[in-house]
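In what follows, a structure is listed as C-alpha cells, so that the remarks can point back to it.
Only the coordinates and a few stated rules stand behind these numbers; no lab work does. Here the structure is a predicted model, which means the values were calculated and not measured. Note that each Cβ is placed from the backbone with ideal geometry, even for glycine, and that neighbours are counted across all protein chains shown.
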Amino acid sequence: MSPPTVRIAPSILSADYARLADAVAEAEAAGADYIHVDVMDGRYVPNITVGPPVVAALRRVTRLPLDVHLMIVEPERHLEQFAEAGADILTVQVEACRHLHRVLQSLHSLGVRAGVALNPATPPVAISQVLGDLDLVLVMTVNPGFGGQPFIPTMLPKIAEVRHMLDEAGSLAELEVDGGIGPQTAAQVVRAGARVLVAGAAIFEAAEGVAPAVQAIRSVAEAGSP
Ligand code: DX5
Ligand code: ZN
C-alpha cells in the first residue's frame, strides 16, 4: 500500500505574533499545506487570541489555505466576517452550535469549506447526522484553549472511529487532528486515520527551526512509524 498523503497545518498560536508574516512565510517555504489559525474568545475557552482582521492580514501574505478554527460561542454570528476576511476552511466546535445543521448550511452558502471539531469528551455520534455536509472533521487531541499541551492518547480509538464513519458514508471529508502533535505522535494519529495534522509548539517552538520541524513531522507521518 502506498503511504497516505498527509497535510501539515502549522498553528500560528505558537508563532511570534509580532512577526506573523515571517512565521507564515517560513511555514510556507517549509512545505506546509495549510495555515491553522486559532480563534479564541475568552468564553468558549479561557484564552483570547485573534479575529477577522488578523485573518484578513494573513490572507494578504500567503497563498496557502487558511484553516480557521473557531473556539468561540455562537459561531453563527461571526461566520460571514471570517469568510469575507479570507478563511478557506471554517471549523466550528460542535459543542458551541445550537443548530449545527444550520451552521453548516451557512458555511456552504458563504463558499467556505465546512469543518466541525469534537472536543475530547464529545463522541463521534455528535456528527453522524451531518456527515454529508462536512468537508473536514477535527478531532481535538487536547482540550482546546492553549498550545503546548500533551496529546491525549485515548483519542486514538476515536480517530479510528471517525475514520470508519467517514469511509462507511463514502465521505471525502478530511480528518484533522489538533493538539500535542509532533514527531512523537504523528505516526500513531496517521495510523488511526488522520490525514491533516495541526502542530503549533512542535513547529514554531522547535529548537532546530521551522523547516526541519515540518519535515520531521511529515517523514514520520508518511512512514507511519516513529
Ligand atoms: C488548541 C488549539 C491548537 C493549538 C495546538 O486549543 O486548537 O491548534 O495551537 O497547539 P500544539 O500543537 O502546541 O498542541
Ligand atoms: Zn486549533
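Worth a mention:
- Cα-based shape type of the stretch 31-190, given that a ≥ b ≥ c are square roots of the gyration tensor eigenvalues and the cut on a/c is 1.5: rounded
- For the stretch 55-61, 3J(HN,Hα) computed residue by residue from phi via the Karplus equation (6.51, -1.76, 1.60; θ = phi - 60°) reads 4, 5, 5, 5, 4, 6, 10 Hz, glycine and proline entered as x.
- The helix-only estimate of mean residue ellipticity at 222 nm for the chain, built from DSSP H runs of length n ≥ 4 each weighted as -39500 (n - 2.57), is -9500 deg cm²/dmol after division by the residue total.
- Its relative contact order, with pairs defined as Cα atoms under 8 Å and 6+ residues apart, puts the stretch 1-135 at 18 percent.
- For the stretch 146-161, 3J(HN,Hα) per residue [Karplus equation, 6.51 cos²θ - 1.76 cosθ + 1.60, θ = phi - 60°, Hz, x = Gly/Pro]: 9, x, x, 8, x, 4, 9, x, 5, 7, 4, x, 5, 4, 5, 5
- The length gained on full extension between ARG60 and ASN143, counted as 0.36 nm times the residue separation minus their Cα-Cα distance, comes to 26.8 nm.
- Estimated FRET transfer efficiency when R0 is 22 angstrom, pair ALA223-SER171 (beta carbons, to 0.05): 0.25
- Inter-label distance for ALA18 and ALA211, nm, one decimal - labels placed 7 Å from Cα along Cα-to-Cβ: 2.5
- Relative contact order [Cα under 8 Å, 6+ residues apart], the chain, whole percent: 22
- Rel. contact order, % - alpha carbon contacts under 8 angstrom, at least six apart, the stretch 104-226: 22
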